[in-house]
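Take a look at the structure below.
The values are calculated or read from the model by the stated rules, or taken from the named source; none is laboratory data. In this text the structure is predicted, and so the values were computed from the model without any measurement. Glycine gets a Cβ as well: all are built from the backbone with ideal geometry, and neighbour counts include every protein chain shown. For the accessible areas, the whole protein counts, side chains as well, though only heavy atoms, and no ligand, DNA or RNA atoms are used. Shrake-Rupley method; radii C 1.70, N 1.55, O 1.52, S 1.80 Å.
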Amino acid sequence: MMLGEITPLIIGLLLGVLLGTQLSAPLSKRTVALLLGLSIVAAFLFGAPVFTWSIYGGYILPGLSFATPFIGAMVGLLIGKALRGGR
Amino acid sequence: MDPSELRGKRGILAAVALLIIFVGMMSSLVKLSGNVNPGISQVYNILAFLVAPNSLSTWLYDWRGFDTLLETGVIYVGAVVSVLVIGRGMVRMRCRQGEPPVQSPPLEYKTESLTVILKYFGLPTAMLLVSYGILVVTGVSTSGGGGFQCGVIVASAYLLTTIFYGKKNPINFGKRFLVGIGSAGWAGYALCGLPGFLTTGYWQYNLGADLWNLVAPIYHTIFGDPFRLSLALQEGVFNSTPGIIPLLNIGEAFNVIGAIGLIFFAFIYGWSDSPADQDTEGGKGE
């Protein structure tokens, strides 16, 4: 495991929080679930960089990997939205 | 902005920062004389055929950095000129204050006229777009670039929600936020050059990658290890890091989000420098 596999995930999360604080629309639980589901699908489609070889970088099995920064960014957006307040 | 705001501490700080950057860049250019081999670098020759985009992007970005910084400057100039030419009436310049603004029909969006798909999937699409933009900028350590693209993608998400939902759109980028994030991008980009200048004399020298072996290993740890990846190839395992390139790209992404976002903002909401408008919700000068 290398730090280069984790750092993008953390940066994605932090940038998501930063931009998420600018979201003002109400989000229902159903929408949040939809967003998380779609982000996992998107992360699977983008996949992990070929240079990552551990679960931290999104690599799980040959042909199965996830772009973890994408999921981190989406979670960050939701956290930032929650920090801003409102529904 | 009123130029008088630059007097006092802020003006001194800005002048000192500009002086340091100018001296750093100029001295780096002088020092480069005789130290640069034209053509492809030794590292590129060793690793490129093994598919090592890290080293490729490291090498390219050492030179593209200044180029890209100036490109974003061009965007700002383009934004100003566009607003001056097309948006006259939105921008209440001081010299035009006596004239009545050009009235354009109000932008009225009616979400009830949107199709169900657009109404309910507009926001999720925009949030997925923002996430994609962030993914692009976090991927700079495994590809060549990403900051500019990230900025464009996030700004596109902002425009998309405006088209769907109107002025009170879900992505509530305010004037202060856009100006702040753009300025932070510029400052961050420029500041990334300072550590290299202080340790090696070369402005924006990539301390993490340290292609010329100029700095102590501690700098490799600080600037290189956070993004270091292990390349497991048939020929062996190579540890490679892009160094400060991801930080540069994040600065660039902020810069582009601010620049392009401000273009959209000015055309949607207009622009006002009056102090009363700075405190409205989101800093929007309506």
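Brief remarks follow.
- Here the condition is being aliphatic (A, V, I, L, M), in a helix (DSSP H, G or I), open to solvent by less than 40 Å² (accessible area, probe 1.4 Å) and at pLDDT below 90; of B:Val154, B:Val179, B:Val215, B:Val140, it holds for B:Val140 alone.
- B:Gln234 open to solvent by 50 Å² or more (accessible area, probe 1.4 Å) and either out of contact with any strand residue (DSSP E or B) (no Cβ under 6 Å at 6 or more places or on another chain) or within 11 Å of another protein chain (Cβ to nearest Cβ) (or both): yes
- Within the range A:1-43, the set of residues being more than 7 Å from every other protein chain (Cβ to nearest Cβ), assigned to a helix (DSSP H, G or I) and more than 16 Å from the chain's Cα centre (by Cα) comprises A:Lys29, A:Arg30.
- Listed conditions (1) surrounded by 24 or more Cβ atoms within 10 Å (Cβ to Cβ); (2) touching a helix residue (DSSP H, G or I) at 6+ places or on another chain (Cβ under 6 Å) are all met by B:Tyr202, apart from (1).
- Checked against the criterion of being at the interface with another protein chain (Cβ under 9 Å from one of its Cβ atoms) and in contact with a Lys or Arg (Cβ under 7 Å, 6 or more places away or on another chain), the range B:160-173 contains not a single residue that satisfies it.
- Qualifying residue in the range A:44-59 (condition: under 17 Å from B:Ile153 (Cα atoms), aliphatic (A, V, I, L, M) and open to solvent by 60 Å² or more (accessible area, probe 1.4 Å)): no
- Unique residue being touching a residue at least 60 places away in the same chain (Cβ under 8 Å), of a type in the set (Val, Ile, Thr) and more than 11 Å from chain A (Cβ to nearest Cβ) when the list is B:Val152, B:Val215, B:Val140: B:Val152
- Set side by side, the residues A:Phe46, A:Phe66 differ, and just one is within 9 Å of chain B (Cβ to nearest Cβ), closer than 24 Å to A:Lys81 by Cβ, free of Cβ contacts under 8 Å to residues at least 40 places away in the same chain and not basic (Lys, Arg), which is A:Phe46.
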